[in-house]
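So the structure is just underneath, and the comments pick up after that.
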Amino acid sequence: MLRIEGLAKLTGAERYVDDEPIGDALWGMTVRSNAARGVIRSIEFDPAVDWSGFTIVTPDDLPGPNAVHHIECDQPILAATETRHIGEALVLLAHEDRDTLRDAVRRVRVKIDPLPPALDFREPPTAEQVQRGRDNVFTELCIDKGDVDAAFEGAAHIVEGVYETGAQEHLYIEPQGMIAWVDDAGVVCCKGSMQCPYYVVAALTHALERTPDRVRVIQTPTGGGFGGKEDYPSVLALHAALLAMKANRPVRIIYDRDEDMLATTKRHPCLTRHRTAVDANGKLLAQDIDVVMDGGAYLTLSPVVLSRGIIHGAGPYACPNVRIRGRAVLTNTTPFGAFRGFGAPQTHFANERHMDAVAGAIGMDPVEIRRINIIRDGDSTATGQVINDGTDRVAILDSAIERSRYHDLLREHESFNATSPDKRRGVGLAFFHHGAGFTGAGEVYLSSIVHVVGRPDGSVEVRAASTEMGQGKETVFTQIVSSRLGIDPARMTIATPDSARVPDSGPTVASRTTMVVGRLLERACDDLRTIIGAENAQGDALHTAISRWCESNPGAEPVGQAQYQPPPGVHWDDKTYKGDAYGTYTWAAYIADIEIDLRTFTASVRAFTAVQEVGAVVNPTLASGQVQGGVVQAIGWALMEDCLWQDGAMANSQLTNYIIPTSDDVPHIDVVFVENPYEYGGKGSKGLGELPMDGPAPAIANAISNALRLDANRIPLTPERIFSLINNAQTA
């Protein structure tokens with residue numbers, strides 16, 4: 001099926017939040033903190049400005065608790081007494097003219113008595129924090145399997161390593177944006193760019209002290225999210241809603257790019273320490289892993305990011321003894337939040353770099369050490385989950401090795417490097433996995449619901465809260481439903497995510513849309529057939545049966561419904577972190593072929609091979625696009641995207657100095673799918689969106705280490721960092 005939402009985007013006809021015609025709307029903006037940490041002494045409004053034409057919202061105007069509804073409600077909507085990071089929201093302003101508003105924001109003078117900030121997540125708690133009876137740890141999680149200490153005692157080899165990954169800006173094409181108004185019935189309405197409409201519903205009901213029927217949230221077509229529009233739109237919706245309620249007029253807030261990059265969440269920086277025991281043949285005996293993530297100034301989604309990070313921390317390998325300790329800590333920086341991969345890219349980077357380090361330490365081929373240790377059916381993960389999905393993981397590895405000509409490249413590059421005075425080439429490997437859907441009992445907790453509705457004209461409407469943000473949700477849902485019902489896609493529609501019309505099918509995150517929600521749609525299709533008494537009807541016969549049912553039930557519509565049910569035999573203990581962390585996993589092997597220019601110290605990717613098993617592939621074009629997009633995004637994280645910090649604020653918060661890949665930086669990406677249909681996924685699918693973010697960075701770092709014969713253990717590997725690697729080795 002061709003991408004049905006593609007034409008509107010291609011032609012510019014798609015209407016994003018900034019294109020919405022909202023009559024009589026004001027512009028909204030935010031006055032922000034200028035200190036990393038401190039006590040707010042005063043907020044003064046320049047007397048030279050006529051403030052009577054502005055709507056002004058301060059913490060005193062909040063009708064309910066001054067807290068954004070997240071996992072914990074520790075983040076204020078507007079900081080009232082103290083500030084924890086530069087860029088924190090303090091006051092909201094609205095005005096008819098955007099330029100006048102911009103100038104007015106600069107005329108609000110914020111005076112803050114500074115306090116010593118905590119800016120380095122790698123450092124222990126300060127003396128002040130200890131004296132106040134608290135440390136800097138947001139959350140701490142543990143995984144234990146076997147007897148790690150005993151396994152180390154008799155090990156033939158013990159290898160240690162430290163690995164660090166930096167923050168990453170989402171850089172969605174469309175900045176954050178939200179419109180809010182109060183309708184004639186007194187319902188507070190928000191419409192904007194988001195991934196999770198019902199997260200915003202929860203934030204509005206909590207802070208405004210309203211019942212769910214007194215708020216309404218509508219998603220506009222969203223120009224990219226990558227996790228950045230999972231939790232942050234709740235903040236923006238509250239800001240817009242508070243201004244609209246006070247002004248009694250619609251308010252539109254659209255961030256400029258520099259404000260978006262300054263104030264919104266990023267990928268969590270992470271430091272991971274590995275200590276690994278192997279026997280004389282390279283078989284893993286024990287893994288002792290310590291993971292520390294920078295949570296920023298507020299908790300946001302750090303507990304679940306850390307959770308996924310440590311669950312993936314031991315990699316896709318069979319090891320009888322595993323100990324993982326994970327912490328997310330508080331710093332006075334912009335809060336870190338959801339980002340594609342959700343913690344797994346950080347720990348996979350560490351584990352896959354470390355597998356190469358172990359191979360080097362014991363004199364083994366990096367491919368062979370992985371082949372020996374890859375989980376086979378019947379083996380268990382670090383949480384004790386027994387894998388029995390029928391996937392031949394060794395074949396995935398071998399396919400990537402063969403297609404990339406991995407061993408031939410090693411020989412060719414060795415010859416090239418011996419004769420080239422100013423360039424070095426290398427090849428690197430990563431083998432990895434990704435849990436599909438929410439962790440543990442998360443999907444059960446969500447209890448997602450979808451509706452497939454028959455209309456009087458015999459057509460069908462799909463009602464689900466899953467959002468389209470560039471990944472092709474509209475196309476995939478159309479494929480799934482039209483295939484299940486045997487109908488022409490032209491006789492069905494996909495409802496706009498709108499909390500007044502669609503049920504809560506869960507957030508558009510965690511690689512769950514096609515797999516989890518798609519499967520619910522199949523079941524809802526079957527339920528619709530049962531309701532209209534046409535269990536085997538397809539095509540025209542189904543349309544006729546729907547029309548006849550509507551004629552017999554005037555004013556009603558047949559609503560096929562399905563609610564999430566876990567696959568049988570899946571059990572998870574959230575207290576001990578043992579059991580089946582995910583219903584299923586996807587598996588992949590990626591190979592990067594790189595070249596380093598020793599004159600500029602710039603690394604470039606010459607070619608890339610991506611082999612993955614993701615269940616059945618519903619739409620090959622969209623699936624390939626997901627892999628290619630993930631690889632490019634991960635190339636940026638690995639080589640270019642360096643968030644530079646000054647007093648806890650992003651110093652390079654512009655597209656002129658935050659470098660991302662362009663088409664010139666993108667190699668040929670050979671995408672290969674190995675299909676193994678998953679019984680409990682839509683059309684046999686597993687999750688795909690996050691997997692391609694996990695593997696490229698370690699493959700690239702392994703390739704750079706291979707080219708330079710140096711340990712490239714910290715990303716991004718910018719020219720400056722590569723220069724330091726080489727210079728430090730030469731002066732050692």
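Given segment 674-732, what helices (runs of 4 or more DSSP H) lie entirely inside it while holding 3 or more residues that are buried (at least 24 other Cβ atoms within 10 Å of the Cβ) and small (Gly, Ala, Ser)?
Because the criterion is at least 3 residues that are buried (at least 24 other Cβ atoms within 10 Å of the Cβ) and small (Gly, Ala, Ser), the helices (runs of 4 or more DSSP H) in segment 674-732 that meet it are 696-708.
Out of 233, 250, 212, report the one residue that is in the same structural domain as residue 16 (by TED's automatic domain parsing) and touching an Asp or Glu at 6+ places or on another chain (Cβ under 8 Å).
Testing whether each residue is in the same structural domain as residue 16 (by TED's automatic domain parsing) and touching an Asp or Glu at 6+ places or on another chain (Cβ under 8 Å) leaves just 250.
For every residue, the table says whether it meets (1) at pLDDT below 95; (2) within 30 Å of residue 228 (Cα to Cα); (3) polar (S, T, N, Q).
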| position | (1), (2), (3) |
| --- | --- |
| 482 | no, no, yes |
| 488 | no, no, no |
| 491 | no, no, no |
| 494 | no, yes, no |
| 511 | no, yes, yes |
| 514 | no, yes, yes |
| 523 | no, no, no |
| 529 | no, no, no |
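Identify all residues within segment 149-170 that are out of contact with any strand residue (DSSP E or B) (no Cβ under 8 Å at 6 or more places or on another chain) and under 24 Å from residue 714 (Cβ atoms); write none if there are none.
Scanning segment 149-170 gives 168, 170.
Just one of 453, 462, 427 is aliphatic (A, V, I, L, M), touching a strand residue (DSSP E or B) at 6+ places or on another chain (Cβ under 6 Å) and without any contact (Cβ under 8 Å) to a residue 60 or more places away in the chain; which is it?
Testing whether each residue is aliphatic (A, V, I, L, M), touching a strand residue (DSSP E or B) at 6+ places or on another chain (Cβ under 6 Å) and without any contact (Cβ under 8 Å) to a residue 60 or more places away in the chain leaves just 462.
From 216, 273, 249, which residue is closer than 28 Å to residue 55 by Cα and in a strand (DSSP E or B)?
216
Here are some residues: 675, 690. Which one is more than 30 Å from residue 420 (Cα to Cα), acidic (Asp, Glu), in contact with a Ser or Thr (Cβ under 8 Å, 6 or more places away or on another chain) and at pLDDT 95 or above?
So the residue among 675, 690 that is more than 30 Å from residue 420 (Cα to Cα), acidic (Asp, Glu), in contact with a Ser or Thr (Cβ under 8 Å, 6 or more places away or on another chain) and at pLDDT 95 or above is 690.
Taking the options 295, 326, 313, 341, name whichever one is touching a Cys at 6+ places or on another chain (Cβ under 9 Å) and not basic (Lys, Arg).
Unique residue meeting the criteria: 326.
Could you pull out the residue among 609, 600 that is over 30 Å from residue 322 (Cβ atoms) and modelled with pLDDT of 95 or more?
So the residue among 609, 600 that is over 30 Å from residue 322 (Cβ atoms) and modelled with pLDDT of 95 or more is 600.
Please determine whether any residue of segment 531-538 is of a type in the set (Val, Ile, Thr) and either farther than 17 Å from residue 481 by Cβ or more than 39 Å from the chain's Cα centre (by Cα) (or both).
Yes; the residues of segment 531-538 include at least one that is of a type in the set (Val, Ile, Thr) and either farther than 17 Å from residue 481 by Cβ or more than 39 Å from the chain's Cα centre (by Cα) (or both).
Taking the criterion of being more than 30 Å from residue 79 (Cα to Cα), in contact (Cβ under 8 Å) with a residue 40 or more places away in the chain, crowded, with 23+ Cβ neighbours inside 10 Å and among the acidic types (Asp, Glu), would at least one residue in segment 340-354 satisfy it?
yes
When you scan segment 366-388, how many residues do you find that are acidic (Asp, Glu) and surrounded by fewer than 16 Cβ atoms within 10 Å (Cβ to Cβ)?
2
On the given criteria, is residue 63 free of Cβ contacts under 8 Å to residues at least 24 places away in the same chain and closer than 21 Å to residue 206 by Cβ?
No.
Would you point out the residue of segment 440-474, among those that are among the polar types (S, T, N, Q) and surrounded by fewer than 19 Cβ atoms within 10 Å (Cβ to Cβ), that is farthest from the chain's Cα centre (by Cα)?
Looking at residues that are among the polar types (S, T, N, Q) and surrounded by fewer than 19 Cβ atoms within 10 Å (Cβ to Cβ), I get 459.
Give the residue, chosen from 292, 322, 304, 329, that is of a type in the set (Val, Ile, Thr), out of contact with any strand residue (DSSP E or B) (no Cβ under 7 Å at 6 or more places or on another chain) and assigned by TED's automatic domain parsing to the domain that holds residue 350.
None of the others qualify; the one that does is 304.
Scan segment 79-127 for residues that are touching a residue at least 24 places away in the same chain (Cβ under 8 Å), assigned to a loop (DSSP other than H, G, I, E, B) and closer than 19 Å to residue 336 by Cα and jot them down.
Across segment 79-127, the qualifying residues are 79, 84, 85, 86, 87, 88, 117, 118, 119, 120, 121, 122.
Taking residue 377 as meeting all but one of (1) part of a helix (DSSP H, G or I); (2) free of Cβ contacts under 8 Å to residues at least 24 places away in the same chain; (3) not small (Gly, Ala, Ser), write down the number of the exception.
Looking at each condition in turn, residue 377 falls short on (1).
Exactly one of (1) over 27 Å from residue 354 (Cβ atoms); (2) of a type outside the set (A, V, I, L, M); (3) over 30 Å from the mean Cα position of the chain (by Cα) is unmet by residue 402. Its number?
Only one criterion is unmet by residue 402, namely (1).
Taking segment 1-26, which residues are in a helix (DSSP H, G or I) and either over 30 Å from residue 54 (Cβ atoms) or of a type in the set (A, V, I, L, M, F, W, C) (or both)?
Listed by number, the residues that qualify are 6, 7, 8, 9, 10, 11, 17.
From the list 31, 57, 49, which residue is farther than 20 Å from residue 259 by Cβ and modelled with pLDDT of 95 or more?
After ruling out the rest, the residue left standing is 49.
Could you grab me the full set of residues in segment 536-547 that are in contact (Cβ under 8 Å) with a residue 12 or more places away in the chain and either within 15 Å of residue 455 (Cβ to Cβ) or not in a loop (DSSP other than H, G, I, E, B) (or both)?
539, 542, 543, 544, 545, 546, 547, listed by residue number.
I'm trying to understand the selection: among the residues of segment 540-567, which are more than 38 Å from the chain's Cα centre (by Cα) and of a type in the set (Gly, Ala, Ser)?
Answer for segment 540-567, where residues must be more than 38 Å from the chain's Cα centre (by Cα) and of a type in the set (Gly, Ala, Ser): 541, 545, 547, 552, 555, 556.
Farther than 29 Å from residue 189 by Cβ, touching a residue at least 40 places away in the same chain (Cβ under 8 Å) and buried (at least 24 other Cβ atoms within 10 Å of the Cβ): does that describe residue 514?
Considered against the rule, which asks whether it is farther than 29 Å from residue 189 by Cβ, touching a residue at least 40 places away in the same chain (Cβ under 8 Å) and buried (at least 24 other Cβ atoms within 10 Å of the Cβ), residue 514 comes out as yes.
Show me the strands (runs of 3 or more DSSP E) found entirely inside segment 387-487 where at least 2 residues are small (Gly, Ala, Ser).
Because the criterion is at least 2 residues that are small (Gly, Ala, Ser), the strands (runs of 3 or more DSSP E) in segment 387-487 that meet it are 423-435.
The values are calculated or read from the model by the stated rules, or taken from the named source; none is laboratory data. Since the structure is predicted, the reported quantities are computational estimates derived from the model, not experimental observations. Here Cβ is always computed from backbone atoms with ideal geometry, including for glycine, and neighbour counts include all displayed protein chains.
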